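Worksheet: the structure to be examined is printed underneath.
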Amino acid sequence: MTALENEERTPGTGEPLVVLDKVDKWFGQLHVLRDINLTVHRGEVVVVIGPSGSGKSTLCRAINRLETIDKGTITLDGQPLPQEGKELANLRAEVGMVFQSFNLFAHKTILENVTLGPIKVRKKPKAEAEARAHELLDRVGIGHQAAKYPAQLSGGQQQRVAIARALAMEPKVMLFDEPTSALDPEMIKEVLDVMVDLAERGMTMVVVTHEMGFARTAADRVLFMADGQVVEENTPEQFFTNPQSDRAKDFLGKILKH
Amino acid sequence: MDVVLDNASAVALAFGYTLSLFVVAGVLSGIFGTLLAAMRVGPVAVLSRAAAIYVTLVRNTPLLIVIIFFRFAGPKIGLTWSFVDISIGDLNLNNLYAACVVGLTVYTTAFVCEALRSGVNAVDLGQAEAARAIGLPFSGVMREVVLPQAMRASVPPLASVQIAMLKNTTVCGVLGVLEAFARMKGLTNDYASSRTEIFVAFALIFVVLVEVLSFASARLERRWRVA
Ligand SMILES: Nc1ncnc2c1ncn2[C@@H]1O[C@H](COP(=O)(O)OP(=O)(O)OP(=O)(O)O)[C@@H](O)[C@H]1O
Ligand SMILES: [Mg+2]
């Protein structure tokens, strides 16, 4: 366990870690991110919520530059995101990402999935990387399946491995893009439990999710996006019980009905 | 079969040429095809364009024309290959042989590139994205994640390409390499009454060779299948 993980959690009091300043992005004619200003502090958990197509994934992917932005700046720990090449790869190593569709490396075992980054990117010795991988796999409850291939695991198990794979890089911040929306209901909880645990250990997290339970237990802030804009920003309690904008009221009305 | 058996050593030598053409052009087209495929799917637009043009040009030209080009037009522009003069046992690999290898390689490279590209396209985009997300640079994404999976998906089309190439080596018979086809033609001329059995015997040997290749490819595919 690193020092960070043992630290007592002090929401939102850390210094700024991820800062988006006046960020705009277009996909051709489509203005997907409009003047986004967002500061995520060290140790903070920010949940991003909003209707389909509102730009949540794009926002997430912009933070580790899987998508480029057209205007504005994004900084991580005070450093602007590099354009290309080695520095960009280094930046991505500092930012963990968990995808909706898991994206575990299909031709590698669970253990190899978790050790690939530490060995190839961080240049850790194999034995050390494997020891750490076993620790992380134990922590997400997959310890005894390390020799299997991704296709042999359930969706929930695969997603927990994906979290372990991201954690193995010891990232400064973790991005989650709808990590549970491809999962059967009975598997959602096992993944959310791992995420709550992570939040409690002080990880800085940006989570796109519609899981209100998670937002209420773990989030310091909820960001509501619509049409590429941050329409509302509040504590989870305030946001869910007392939304201010019509867009948010309308959206919550729809998801609460289901 | 008597005719073929009586000339066993000549037939064996002929298939020696055939197989050596196949192996040398197979290895070379494998190397160049991989490089071309990397250009084709890589992030540099100019290289990708250049590779696409190469594939279109070469793939749409009949093999015989490609080989004749290197055999007859090549020397006119200084590609004589006269420095090639290697003897391995009874195999004599001269400048004609070299021109054929070059022609076969140039031609097959385009097909290898396309087979590999189809394999790369078969790999889910999320795989490359996850590899980038853990901080692998482009080369690492390719080497560690995309290519191993693409190779697996490419085995069947690559096997087809190389099987076609094995049979394509017969074109070299017209251009002065005493490979299987040239030897068969020679035998059918010398033993006109046994033409049918000569044809059948040579065809059978090709069938066996192709079957060996198919078997190897099927084995490889099974071994590499994701568990
Ligand atoms: N690569 C792309 N090229 C063009 N348009 C895109 C691309 N990716 C996303 N879009 C469009 O940009 C808009 C925002 O997409 P994004 O995926 O960020 O939305 P989202 O809020 O994550 O939606 P969802 O809840 O459906 O995941 C959508 O209208 C989408 O169709
Ligand atoms: Mg999305």
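The values are calculated or read from the model by the stated rules, or taken from the named source; none is laboratory data. Nothing here was measured: the structure is a model prediction, and the numbers come from that model. Cβ: placed from backbone, ideal geometry, glycine included. Neighbour counts: every protein chain shown. The area values use the complete protein model at the heavy-atom level, side chains included, leaving out ligands, DNA and RNA. Shrake-Rupley method; radii C 1.70, N 1.55, O 1.52, S 1.80 Å.
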Open item on the list: Probe radius 1.4 Å, ligands and nucleic acids left out: which of B:Glu179, A:Glu178 has the largest accessible area, and how do the rest follow?
Closed with: A:Glu178, B:Glu179
Open item on the list: Considering all projection directions equally, how large on average is the shadow of the alpha-carbon convex hull of chain B, in square nanometres?
Closed with: 15.0
TODO: Heads up, I need the accessible area for B:Trp224: 1.4 angstrom probe, whole protein in place, Å², nearest 10.
DONE: 90
Task: 5 angstrom amide H check on A:Phe176, placed H, neighbours 5+ away - done: A:Val98, A:Val206, A:Val207, A:Val208
Task: Computed lengthening from A:Asn90 to A:Ala147, 0.36 nm per intervening residue step minus Cα-Cα distance - done: 17.7 nm
TODO: For segment B:2-224, calculate the relative contact order in percent as a whole number, restricting contacts to Cα pairs under 8 Å that are 6 or more residues apart.
DONE: 27
Task: Computed E for A:Thr75/A:Ala127 - FRET, C-beta separation, R0 45 angstrom, nearest 0.05 - done: 0.80
Open item on the list: If you scale each eigenvalue of the Cα gyration tensor by 5 and take the root, what three semi-axes come out for segment B:22-135, rounded to whole angstrom and sorted largest first?
Closed with: 34, 16, 12
Open item on the list: When 1/r is averaged over all different Cα pairs and the result inverted, which Kirkwood radius in Å belongs to segment A:131-230?
Closed with: 14.3
TODO: Using only the alpha carbons of the protein assembly as shown, determine the length spanned along each of the three principal axes and report them from longest to shortest in whole angstroms.
DONE: 98, 47, 44
Task: Accessible surface ranking that places the most exposed of A:Asp184, B:Asp85 first, with a 1.4 angstrom probe - done: B:Asp85, A:Asp184
TODO: Taking the Cα centre of the protein assembly as shown as origin, sum charge times position over the Cβ atoms of Lys and Arg (+1) and Asp and Glu (-1), and report the length of that vector in debye to the nearest 20.
DONE: 1120
- [ ] With a cut-off of 15 Å, note down the residues of segment B:85-128 whose backbone N falls inside the zone around a label point 7 Å from the Cα of B:Asn189 toward its beta carbon.
- [x] none
- [ ] Could you calculate the contour length gain from B:Ala203 to B:Ser118, that is, 0.36 nm times the residue separation minus the distance between their Cα atoms, to one decimal place in nm?
- [x] 27.5 nm
TODO: Could you pull the accessible area for A:Asp227 with a 1.4 Å probe, rounded to 10 Å²?
DONE: 90
Open item on the list: Using each residue's phi in segment A:104-120, evaluate 6.51 cos²θ - 1.76 cosθ + 1.60 at θ = phi - 60° and report the 3J(HN,Hα) Karplus result to the nearest Hz, with x for Gly and Pro.
Closed with: 5, 5, 5, 9, 10, 6, 4, 4, 5, 4, 7, 8, 4, x, x, 6, 7
TODO: Determine which lysines satisfy two conditions relative to A:Lys22: a Cα distance under 17 Å, and not lying fewer than 8 residues away in the same chain.
DONE: A:Lys56, A:Lys71
TODO: Only residues of segment A:72-90 count here: report those whose backbone N is under 20 Å from the spot 7 Å along Cα→Cβ of A:Asn37, or say none.
DONE: A:72-81
TODO: Give the calculated FRET efficiency between B:Arg225 and B:Asp85 to the nearest 0.05, with a Förster radius of 41 Å applied to their Cβ-Cβ distance.
DONE: 0.35
TODO: Would you mind computing, in nm to one decimal, how far apart the modelled labels at A:Gln83 and A:Phe27 are, each placed 7 Å from Cα along Cα→Cβ?
DONE: 2.6
- [ ] Return the sequence-ordered ³J(HN,Hα) values of segment B:39-54 in whole Hz as given by the Karplus equation 6.51 cos²θ - 1.76 cosθ + 1.60 applied to θ = phi - 60°, using x for Gly and Pro.
- [x] 4, 5, 9, x, x, 8, 4, 4, 5, 4, 4, 4, 5, 5, 5, 4
Task: Whole-Hz couplings from phi, Karplus 6.51/-1.76/1.60, listed for segment B:66-75; x for Gly and Pro - done: 4, 5, 4, 4, 6, 6, 10, 7, x, x
Open item on the list: Taking the alpha-carbon distance from B:Lys167 and a cut-off under 22 Å, which lysines remain once sequence neighbours fewer than 8 residues away in the same chain are dropped?
Closed with: B:Lys185
Task: Within chain B, helix-based [θ] at 222 nm, where runs of 4 or more DSSP H residues each add -39,500 (n - 2.57), nearest 500 - done: -24000 deg cm²/dmol
Task: Estimated dipole of segment B:2-224 in Debye, rounded to 20 [Cβ of Lys and Arg +1, of Asp and Glu -1, Cα centre] - done: 680
Open item on the list: Please report the accessible area of A:His210 (heavy atoms, 1.4 Å probe, ligands and nucleic acids excluded) in Å², nearest 10.
Closed with: 80
Open item on the list: Please give the Cα centre distance for segment A:120-165 versus segment A:48-119, rounded to the nearest Å.
Closed with: 19
Open item on the list: Could you tell me the calculated FRET efficiency between A:Leu256 and A:Asp193, based on Cβ-Cβ distance and R0 = 22 angstrom, to the nearest 0.05?
Closed with: 0.45
Open item on the list: Lone cysteines in the protein assembly as shown, defined as no other cysteine's Cβ under 4.7 Å from theirs: which are they?
Closed with: A:Cys60, B:Cys113
TODO: Compare the Cα positions of B:Tyr191, A:His144, A:Asn103 along the charge dipole of the protein assembly as shown (+1 at Cβ of Lys, Arg; -1 at Cβ of Asp, Glu; about the Cα centre) and return the one farthest towards the positive end.
DONE: B:Tyr191
Task: Pairwise centroid distance, computed over Cα atoms, of segment B:100-126 with segment A:238-258, Å - done: 53
